[in-house]
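Everything below concerns the one structure shown next.
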Amino acid sequence: AVCVQPPAEVQEVPTRLSGEELEELFVAHVPGVREFLFRGQDGVYSLQFIKTAYEEGLRAFIGTDLQNHLMWLLRLIVHHASDGGADAARYLQDVAEAFMDCQAVQARVIEKTGFLILGVGSDFRGLLVQLVGEYKMMALRMLAYEECVKVGGPNEDKDPAHCENRLLIDIGIEVGFSEADVRRAALDSHASRFSTLEGTAKDKVIVRFRDLLDIPAMLHALVSELNSFSADSPADSLPRLFLEWASKSLTSAHVVFDQETFTQVDVDAVFAMAIFESVFLGQPKVAPGEEYRGELLCSLFAA
């Protein structure tokens, strides 16, 4: 499946900051964080939940095998910011906003952000996996909203975040989410508010998920990102890693450049799809004789 494969085990991360120090760290990086409310409830400030999760873990996962996993990743994120690490403000903003929602959302954001800091999936293939993952999550959220509407939601009981976990439990593996995603979803006790999908109903939901997965938009996003390459592109950026991948994986790496000056990356959606298929399936699934810039498309990708 096209999904992030986490490290076998996250190493223990001890606490380093007091509650007051943690609060000041978030205040320094996240505008207005002291006023962030948990699910819009007056007087219930999400920053207090961040402090508790930093010390003890997320309450919903206490006693499970994900308690330490998520707690240590949250501490990793906080310490990364405390040490002045790259993108600290963005990471803390993402975490702070997640803590305005339920613990299912908090867990997803903590894991995603922690893995970014750890460098999980930071090569070209890994960045493609992340891109696909973003579009899969968009499809899952739209599907969860539709399923909530069918049963009279969204409301406090029929909440899309918990419906997302119900869907992950029932169809996650079939539509390409990781076992870790499904394992985390299975610990959401509120997912049981929604009926288990089986048989024909399950098949229909899988088809609907695939309809909602916007492949053209994903290809357009990849094309735009790759074609943005410049001399200033960071070494770990998608465009730069693409050129490194192309030099090893294409038989004629020059085809990724504009054909007049050969100085700008210039690929289209057809080539982007061939990249995805080559990376994840081993070879692009193209028609015999299909050409790209005068060369057989299938022959451009090294076996």
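Laid out as a table, the results:
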{"item": "When the convex hull of its Cα atoms is projected in every direction, mean area for the stretch 122-234 (nm²)", "result": "8.4 nm²"}
{"item": "Dipole magnitude of the chain about its Cα centre (Cβ charges: Lys, Arg +1; Asp, Glu -1), debye to nearest 20", "result": "580 debye"}
{"item": "Nearest-10 value in Å² for the accessible area of PHE262, using the 1.4 Å probe", "result": "100 Å²"}
{"item": "Cα pair distances exceeding 18 angstrom across the stretch 204-303, given as percent", "result": "51 percent"}
{"item": "Charge tally in the Cβ shell below 14 Å around VAL270, where Lys, Arg are +1 and Asp, Glu are -1, VAL270 excluded", "result": "-4"}
{"item": "Under 5 Å, built H, 5+ apart or other chain: amide partners of LEU37", "result": "SER46"}
{"item": "Charge tally in the Cβ shell below 11 Å around ILE110, where Lys, Arg are +1 and Asp, Glu are -1, ILE110 excluded", "result": "+2"}
{"item": "Cα gyration tensor category, rounded, prolate or oblate, for the stretch 166-212 with a/c compared to 1.5", "result": "oblate"}
{"item": "Given charges at beta-carbon only (K, R positive; D, E negative), |dipole| of the stretch 123-218 in Debye", "result": "100 debye"}
{"item": "The stretch 91-155 - charge dipole about Cα centre, Lys and Arg +1 at Cβ, Asp and Glu -1, debye rounded to 20", "result": "160 debye"}
{"item": "Options VAL256, LEU212, PHE301, ranked by Cα towards positive dipole end of the chain, top entry (Cβ charges)", "result": "LEU212"}
{"item": "Convex hull volume per residue for the stretch 93-136, taking Cα atoms only, in Å³", "result": "72 Å³"}
{"item": "Three-way shape label, the stretch 1-149, alpha-carbon gyration tensor, a/c 1.5", "result": "oblate"}
{"item": "Å³ per residue enclosed by the Cα convex hull of the stretch 224-267", "result": "63 Å³"}
{"item": "Dipole axis of the chain (+1 Lys, Arg; -1 Asp, Glu on Cβ), positive-most option in GLY32, GLN130, ALA231", "result": "GLN130"}
{"item": "Peptide ranges 206-215, 180-189, 91-100 listed from the most packed, as the mean C-beta count within 10 angstrom indicates", "result": "91-100, 180-189, 206-215"}
{"item": "Stokes-Einstein D (µm²/s) once Rh is taken as the Kirkwood radius of the chain over alpha-carbon pairs, at 10 °C in 1.306 mPa s", "result": "74 µm²/s"}
{"item": "5 angstrom amide H check on PHE257, placed H, neighbours 5+ away", "result": "ASP266"}
{"item": "Distance between the stretch 1-80 and the stretch 107-154 - C-alpha centres, whole angstrom", "result": "18 Å"}
{"item": "Distant-in-sequence amide H partners of LEU250 (H built 1.01 Å from N, under 5 Å)", "result": "ALA302"}
{"item": "Per-q log10 I(q)/I(0), the stretch 27-89, q = 0.12, 0.15 Å⁻¹ (Debye; single scatterer per alpha-carbon; no solvent)", "result": "-0.35, -0.55"}
{"item": "Lys pairs under 24 Å by Cα in the chain, provided they are eight or more residues apart or on distinct chains", "result": "13"}
{"item": "Descending semi-axes in whole angstrom, ellipsoid equivalent of the stretch 67-142, from the Cα gyration tensor", "result": "20, 17, 11"}
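The values are calculated or read from the model by the stated rules, or taken from the named source; none is laboratory data. Because the structure is a prediction, the values reported are computed rather than measured. Backbone-built Cβ (ideal geometry, glycine too); neighbour counts: all protein chains shown. To get the accessible areas, we keep the full protein, side chains included, count just its heavy atoms, and leave off ligands, DNA and RNA. Shrake-Rupley method; radii C 1.70, N 1.55, O 1.52, S 1.80 Å.
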